[in-house]
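Peer 1: Structure below; questions to follow.
None of the figures in this text is laboratory data; all of them are computed from the coordinates on show. These figures come from a predicted structure and were not determined experimentally. Note that we place each Cβ from the backbone using ideal geometry, even for glycine, and neighbour counts take in every protein chain shown.
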Amino acid sequence: MTYGNYKKSKKTKKKEKESTKRRKEGRRISDRPKAADERLEVGHWEMDLVEGRKGKGEPFLLVLTERYSRKEIIEIIPNKTQEAVIRGLDRIERRIGVKKFRELFKTITTDNGKEFYNYTGIETSFTRSKIPRTKQYYADAYSSWQRGSNENLNKMIRRFLPKGSSFKNLSRNQIKRIEKWINNYPRKMFGFKSSNNIFEIGLNVA
């Protein structure tokens, strides 16, 4: 049974700049595999940043949402830079393991923020292997609905960390408790199974 095929209605889009289109050549969302588009299997993720209190030196949350199961990974990073995003992914890859990361992160879709411009860094393993750890795709400009899973899970994070909250004193244990709550929350769209349940089902189907 496929649990991932859930679609939101599309909204009218503004036109994207030609320079943006050229930068994303071969990595536009229209180039993304059908399995990612239609949520047919585990392994296709959306990635975003959640902002805390505005100001210099304030950390961000790097969040990844798996499209099939809506499983969430949350990693705190020190700032909104390309380097911080890549280092955050490196830490996740180290914890999961290089081979397992490649298996579980077939694609990652992001918006067009500058923090996600460095697709080479995002796709390259911390081991500097020539084998890419993932493949990055960019959503169309002004099309947040194309990353609807991210948007919805970000709202769940805000239950614990309202807008304007500082992330400076957040411990890894606190972040992981939020992550665990989200991943074990019964979801109506899944017949009240959790994202963890659906993720495991998807792994067994693969």
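Peer 1: So if R0 is 22 Å, what FRET efficiency would Tyr117 and Arg87 give, r being the distance between their Cβ atoms, rounded to the nearest 0.05? Before the final figure, lay out the partial values.
Peer 2: Values: r = 15 Å, r/R0 = 0.70.
So, using R0 = 22 Å, E works out to roughly 0.90.
Peer 1: Assuming R0 = 22 Å, what is the FRET efficiency of Lys80 and Lys163, from their Cβ-Cβ distance, to the nearest 0.05?
Peer 2: Values: r = 16 Å, r/R0 = 0.71.
After rounding to 0.05, the efficiency reads 0.90.
Peer 1: Can you say what percent of the DSSP beta bridges in the chain, counting only those with both residues inside, are antiparallel? Round to 5. If you can, show how the numbers build up before the last one.
Peer 2: Numbers: 14 of 21 bridges.
In the chain, DSSP labels about 65 percent of beta bridges as antiparallel.
Peer 1: What is the spin-label model distance, in nm, from Asn204 to Thr20 if the labels are put 7 Å beyond Cα along the C-beta direction?
Peer 2: Here the modelled spin labels are 4.2 nm apart.
Peer 1: Using Cα pairs closer than 8 Å and at least 6 residues apart in sequence, work out the relative contact order for the chain, in percent. Provide the component values of the computation, followed by the final result.
Peer 2: Details: 335 pairs, mean separation 52.0, N = 206.
Reported as a whole number, the value is 25 percent.
Peer 1: With each label point set 7 Å from Cα along the Cα-Cβ vector, what nm distance links Asn196 and Lys130?
Peer 2: 4.1
Peer 1: Mind checking Rg over Rh on the stretch 57-125, alpha carbons, Kirkwood formula for Rh? Each step should come with its number before you reach the end.
Peer 2: Details: Rg = 11.8 Å, Rh = 12.6 Å.
That ratio is 0.93, to two decimals.
Peer 1: To continue, here is another question. Structure shown: which of Lys24/Lys80; Lys17/Lys71; Lys21/Lys188; Lys34/Lys193; Lys17/Lys193 lie over 31 Å apart, alpha-carbon to alpha-carbon? Kindly include the intermediate steps, with their values, before the conclusion.
Peer 2: Values: Lys24/Lys80 20 Å; Lys17/Lys71 33 Å; Lys21/Lys188 37 Å; Lys34/Lys193 25 Å; Lys17/Lys193 41 Å.
Those over the limit are Lys17/Lys71; Lys21/Lys188; Lys17/Lys193.
Peer 1: Moving on to the next point. May I ask for the distance between the Cα centers of the stretch 85-126 and the stretch 131-206, given as a whole number of Å?
Peer 2: Using only Cα atoms, the two centres lie 16 Å from each other.
Peer 1: What FRET efficiency would be calculated for the residue pair Arg94, Lys56, taking the C-beta separation as r and a Förster radius of 25 Å, to the nearest 0.05? Let's see the in-between values first.
Peer 2: Details: r = 28 Å, r/R0 = 1.14.
So the FRET efficiency works out to roughly 0.30.
Peer 1: If we sort 189-196, 38-45, 107-114 on the protection proxy, mean other Cβ atoms within 10 Å, highest first, what's the order? Numbers along the way, then the final one.
Peer 2: Details: 189-196: 15.2, 38-45: 21.4, 107-114: 18.8.
Ranking, from highest mean packing down: 38-45, 107-114, 189-196.
Peer 1: Determine the calculated [θ] at 222 nm for the chain from helices alone, applying -39500 (n - 2.57) to every DSSP H run no shorter than 4 residues and normalising by the residue count; nearest 500 deg cm²/dmol. Can you show the working numbers first?
Peer 2: Details: 8 runs with 74 residues, N = 206.
The per-residue figure over the chain is -10000 deg cm²/dmol.
Peer 1: Next question, about the same structure. Would you kindly give the portion of the calculated P(r) for the stretch 19-205 that falls above 25 Å, as a percent of all Cα pairs?
Peer 2: On the way: 5556 of 17391 pairs.
The proportion of pairs with Cα distances above 25 Å equals 32 percent.
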